1. Using a Gaussian network model of the chain with C-alpha springs under 10 Å, which one of 253, 199, 58 is most mobile by mean-square fluctuation?
2. What is the dipole size for the chain, taken about its Cα centre, with +1 at each Lys and Arg Cβ and -1 at each Asp and Glu Cβ, in debye to the nearest 20?
3. Measure nothing but the geometry: give the 0 to 90° angle between the long axis through the Cα atoms of 245-261 and the longest principal axis through the Cα atoms of the chain, rounded to 10°.
4. Using Cα-Cα distances under 8 Å and only pairs 6 or more residues apart, what relative contact order does the chain have, in percent?
5. Which of the aspartates and glutamates could be linked to residue 175 by a straight reach, that is with a Cα gap under 12 Å, when you skip same-chain ones fewer than 8 residues away?
6. For the residue pair residue 54 and residue 228, what label-to-label distance in nm results when each label sits 7 Å from Cα along the Cα-to-beta-carbon direction?
7. Please report the antiparallel percentage of the DSSP beta bridges confined to the chain, to the nearest 5.
8. Do me a favour and compute the ellipsoid semi-axes for the range 1-154 from its Cα gyration tensor, root of five times each eigenvalue, largest one first, whole Å.
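What follows draws every value from the coordinates through simple rules; no lab data is involved. If you're wondering where the values come from, they're calculated on a predicted model, not measured in any experiment. Quick reminder, even Gly has a Cβ in these numbers, built from the backbone with ideal geometry, and neighbours come from all protein chains shown.
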Amino acid sequence: SKPNIAFIGLGNMGAPMAENLLKAGYTLSVFDLSDAATQRLEKAGARVAQSPKDAASNVQVVISMLPAGQHVHSVYLGDSGANGLLAELPKGTLVIDSSTIAAADARTVADAASQLGIDFLDAPVSGGTGGAIAGSLTFIVGGDDDAFAKAEPILAVMGKNIFHAGEHGAGQVAKICNNMLLGILMAGTAEAINLGVKNGLDPKVLSDIMLQSSGRNWTLEVYNPYPQVMENVPSSNGYQGGFMSKLMQKDLNLAMQTAKDTHVDTPMGAKATELYATHALENGDKDFSSIMGRHDASVLF
Ligand code: NAD
């Protein structure tokens, strides 16, 4: 029989992920600070709760998809460190956090959970909003084998590839390595397209050429940053939705902090971090492919 699930955080990613659980027949209670976000899920058949605690009453599994570490800390441990959701959950509850946060923060929540007899997994995702809608995300999980085994059938509803990266925090480490590379690839792809356009090439023709050549990468395959080269991507929709530049900036900062703490050299990551820090000053809420506007400001309007 299917466990009841509480889903907390219904933004660009959380909403379609929760909708896929509903479609698969799970009973869902949901919470988000934004009414627009909860209304969408209410229409899809979820019970809208008034707090994380309310959402988690009478469930066996809690899933969260929140912006950053501070929000995860605040929901699970509370702002004063004592009034969080963990303290309200029965022993044996499975908690899956799919937000991208620092590995150290994930381990802090995992330790607090374990002292209460609660299973915690860090389970960040890759695949973008397209992958969230299609149910084809990649889940990158850190935590114990038993908890992973319990989570797997639920994650399989929202994702296609489910990796057990290692112990608590390992999912987050793998995720920020991936996103550091994605930040480099997106900034580099925008730069290459701009060089071609400024030298007389059509952005679609150039993109098709690079897609069949050695510069091929995920951004060219499914997330072209130049407007109107592809349909149904943020660049063709005013850079709305998708993965906000301020979230890419957060992930690059997490990668840089990890590199610094462990004395690892990441010069390309450092450059991408610098580019996104500048870009996000004015474009933090736009999708991260809007880094294209660094070269051609007209695409931003
Ligand atoms: P988002 O900002 O669209 O959604 C976050 C949601 O959390 C919002 O609806 C917000 O109202 C809600 N929220 C914030 N604080 C809350 C709280 N205390 N209680 C309840 N709800 C709260 O962000 P997103 O794009 O959905 O990303 C979520 C996480 O997933 C981030 O860590 C991001 O880095 C990661 N991620 C995003 C993508 C992507 O393509 N968008 C891809 C992979 C991973």
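1. Of the options given, 199 has the highest mean-square fluctuation.
2. 420
3. 80
4. Numbers: 572 pairs, mean separation 39.2, N = 301.
This gives 13 percent for the chain.
5. Once the sequence-local aspartates and glutamates are set aside, what remains near residue 175 is 122, 251.
6. Distance between the two pseudo-spin positions: 4.7 nm.
7. Given both bridge residues lie in the chain, the antiparallel proportion sits at roughly 15 percent.
8. Value: 21, 17, 15 Å, ordered largest first.
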